[in-house]
Amino acid sequence: MWIDLAITMVKILFILTITVGFFAPVLTWVERKQSAIMQDRIGANRADILGFTALGLFHIIADALKMFTKEDFIPQGANRALHTLSPIIALVPAIVTFAVVPFGGQYMLWGKEVSLVISDLDVGILFVFAISSIATYGYVVAGWSSNNNWSLLGAMRTASQMISYEVAMGLTIIGVLMVYGSMQLTEIGAAQETGYWGFILQPVGFVMFFTAAIAENKRVPFDAPEAESELVAGYFTEYSGLKFGMFFMAEFIEMVTIGAIMTILFFGAWHIPFLPTATLLSMFDFLGDDFSNLVVMLIHVGVFFGKVTFFIFVQMIIRWTLPRFRYDQIMKLGWKVLLPLSLLNIVGTGIVILLF
Amino acid sequence: MGVTEQGLLERDKDTMTLNMGPQHPSTHGVFRVLLEMDGEIVRSAEPDIGFLHTGIEKTAENKRYVHCIPMTDRLDYLSPPQNNLAFCLTAERLLGLQELPARADYLRVIMCELGRIGSHLVWLGTHALDIGAMTVFLYAWREREMILDLNEMISGVRMMTSYIRIGGVAKDATPQWLDGVRKFVDHVPGKIDEYESLLTNNPIWLDRTRGIGTMTKEEALNWSMSGPVLRASGIDWDWRKKRPYSRYDEFKFDVPTQDHGDVYDRYLVRVEEMRQSREIIKQALDNLPDGPYKIEDNKISLPPRDTLHTSMESLIHHFKLVSDGVKVPKGSAYVPTEGARGEVGFYIVSDGSNTPYRMKLRAPSFMGIPGMCQMMEGAFIADVVAIIGSIDIVMGEVDR
């Protein structure tokens, strides 16, 4: 009993550290450096500790300090309670979705079976969608409670965009669910150990899900809700300090979530191609049962987050390459292209499954 | 406008008033426009200018002609040489100067076309940034840096060059500078291709710019548009061709035009103009004549520095020019020139003294604002920034 609780606590701590503590802050640095490379410039390199700049990594600390010490500004006429609450509503779901995201398989460690997922729900993917859509309230309430027309416009755009793309996103993955016959993320991941990966079986679904996921996360080219050249900053125009930081963090954590879901559904989860877990285990036989399991577990976790990083990188390259869609064009793409295509994809997948 | 004390939202209208600017990321300076919004769609747009009023036109009435030149830099601060040129051409018309030494004209042309490329690079970068393509912005800035370096080399200043003077240019071009310009000329076409590869056939860019802010031939004429906006609407009009000044008739170049008059066509016209400007600079470099770089009439332009110690006459001319300036005969003149944004011209009235009696600028950005606001009506708010970007306003010359 206690040992189970302890294991769960360790997993929760690990997820929190890797998302809030590692990915979100480091991604701000990666995004700066990556865009700098793409744009033929140097990028962040000024913040230093005793003369050491560490490739600009200290900017993360500088950013954090800045956010903590800035004035927490609430505009006149704003609803103070909601204005304060909304960043929390936006950030918490982003972290909670990781409860069902597996970052490794199952391993026998010292007579105890450890499954690398905090909560192995049998409706896993549904839970992810359900929780992540709660974040919409955070954005809408933020825009509304700021008493600012720009924020309001941003909030309206967020609401319509997120609701529209949730439909498309939900339908694009049904093909995958049909192929693997499960909604449990651990099972979908395990099914790709020896079989084909999701993006080979569902290429259309893969592209469409990626598109919808970027739109859901409101990043370029779908960043109309926060388009800085149109709406100043959209729903978080009137936010400063740590509240702004929470919105910021939510966006980066959502990037990680998208990368994780993509990896699990379409990219073989924690598996290495043509290398099933059993083969990998036998390679480390000389370490003994427990240690070989431990090593394989670490390799799998590494592979998983490597793939997640790859998808994050792809999202960043897209972000720095493309211009922004107009708001109505985003809606048209969602309802008139992605939705019919994903329905067709479901029908096509169904026919193929029925015939073979 | 029935704006109540409670705020802009609580009114007896269904529309929402959106105050865009003067501190907005994409109004290109301190331009303010009041948008009456019906959801995402603009019902009416009311421009509000004057936030950058510098009083340059009025100040010029108390400045000697040569002192006016640095002020003209601050009007259209993205392509200063063209303002210098427009001012100097008008002053020279009043002075009755018919022809300048060929080298002076060629150096003026090189500076003006460098200024045009620089200005279009800023336009391209900010326009793309408004539509969300941030990388193009930094690419354009990278090439503009080369132009600024060249400006610094020849005039000592990176932006406000004041290089063109009445009767010629400030100083002769050095071989190093000419080499630098040649390097730039060889460098820039590949870079323009690079911008085009990111934008011209990009479906999102096409979606965002085609059919937006359309202006027909008649409308463009009626709203007194000029420059690239006019040419994008299908009117082949360029002062460099129609009434050549500064020996523009000695250069071979095309005037690009398009037919639809939308944001995309203005983009195409300006990108092609950069290539044509590059052609002009290349020809000017190849055929750059030797000889004096300004007129030798020492009553108008300063005598050579080294003669001051040997020639009494030079000393007197120098003293008179520096302490009193050029006396311009009574009269008035206007010389239209083709600036980066359209027709730039100074209307100068002289009462025979050493300061202009009245100086008036015909600023293309200022003339473009009414037409721009008319284009905004019925557009989405995202199109508003695309339209502002496509007209390429510079508030320095709007508010002056």
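Just a few scattered comments:
- Taking the helices alone, chain A has a mean residue ellipticity at 222 nm of -21000 deg cm²/dmol, built from -39,500 (n - 2.57) per DSSP H run of at least 4 residues and averaged over all its residues.
- By the rule of a C-alpha distance below 18 Å, with chain neighbours fewer than 8 residues away ignored, the aspartates and glutamates paired with residue B:183 are B:113, B:143, B:145, B:149, B:152, B:193, B:194, B:279, B:286.
- Region A:1-70 and region B:57-84: distance between their alpha carbon centers, rounded to Å: 50
- If you plug the beta carbon distance of residue B:222 and residue B:41 into 1/(1 + (r/R0)^6) with R0 = 22 Å, you get a FRET efficiency near 0.35.
- Each pair of Cα atoms in region B:312-400 enters the Kirkwood radius, and Stokes-Einstein at 10 °C and 1.306 mPa s then converts it into a translational diffusion coefficient of 99 µm²/s.
- Looking at the protein assembly as shown, the pairs of alpha carbons with a distance over 50 Å make up 30% of the total.
- With only Cα atoms counted, region A:228-356 has Rg and Dmax values of 21.2, 61 Å.
- Computed over chain B, relative contact order equals 25 percent, with contacts defined as Cα pairs under 8 Å that lie 6+ residues apart.
- Compactness of region B:45-203, expressed as Rg and Dmax over alpha-carbon positions, Å: 17.7, 54
- Cα centroid separation, region A:139-188 to region B:154-178: 58 Å.
- Partner shielding of B:121-133 amounts to 3, given as the average count of beta-carbon atoms from other chains within 10 Å of each residue beta-carbon.
- Peptide ranges B:73-83, B:185-195, A:213-223 listed from the most packed, as the mean C-beta count within 10 angstrom indicates: B:73-83, A:213-223, B:185-195
- Rounded to the nearest 500, the 222 nm mean residue ellipticity of chain B from helices alone is -15500 deg cm²/dmol, with -39,500 (n - 2.57) taken per DSSP H run of at least 4 residues.
- Given +1 at the Cβ of Lys and Arg, -1 at the Cβ of Asp and Glu and no other charges, the dipole of chain B around its Cα centre is 1400 debye to the nearest 20.
- Most positive-pole-ward Cα, B:248, B:292, B:181, against dipole of the protein assembly as shown from beta carbon charges: B:292
- Straight-line cross-link reach from residue B:217 at under 16 Å between alpha-carbon atoms covers these aspartates and glutamates, not counting any fewer than eight positions away in the same chain: B:236, B:238, B:259, B:262, B:265.
- Take each peptide in B:299-306, B:25-32, count the other Cβ atoms within 10 Å of every residue, and average; sorted highest first, the result is B:25-32, B:299-306.
- Seen from all directions on average, chain B presents a Cα convex hull projection of 20.8 nm².
- Inter-part distance where region B:208-256 and region B:335-400 are each reduced to a Cα centre, Å: 15
- Pairs from the list B:63/B:330; A:11/A:70; A:66/A:243; B:242/B:282 with a Cα-Cα gap above 24 Å: A:11/A:70.
- Note: relative contact order over region A:238-356, using C-alpha pairs below 8 Å and six or more positions apart, is 28 percent.
- Highest to lowest packing among B:216-222, B:255-261, B:330-336, scored as the average C-beta count within 10 Å: B:255-261, B:330-336, B:216-222
- Ellipsoid fit via the Cα gyration tensor, chain A: semi-axes of 34, 27, 19 Å, each the root of five times an eigenvalue, largest first.
- Within 10 Å of the Cβ of each residue in B:134-140, the mean number of Cβ atoms contributed by other protein chains is 5.
- Averaged over the residues of peptide B:14-20, the number of Cβ atoms from other protein chains lying within 10 Å of each residue's Cβ is 2.
Only the coordinates and a few stated rules stand behind these numbers; no lab work does. Predicted model only: the values in this text are computed from it and were never measured. Positions of Cβ are generated from backbone atoms using ideal geometry, with glycine treated the same way; all protein chains shown enter the neighbour counts.
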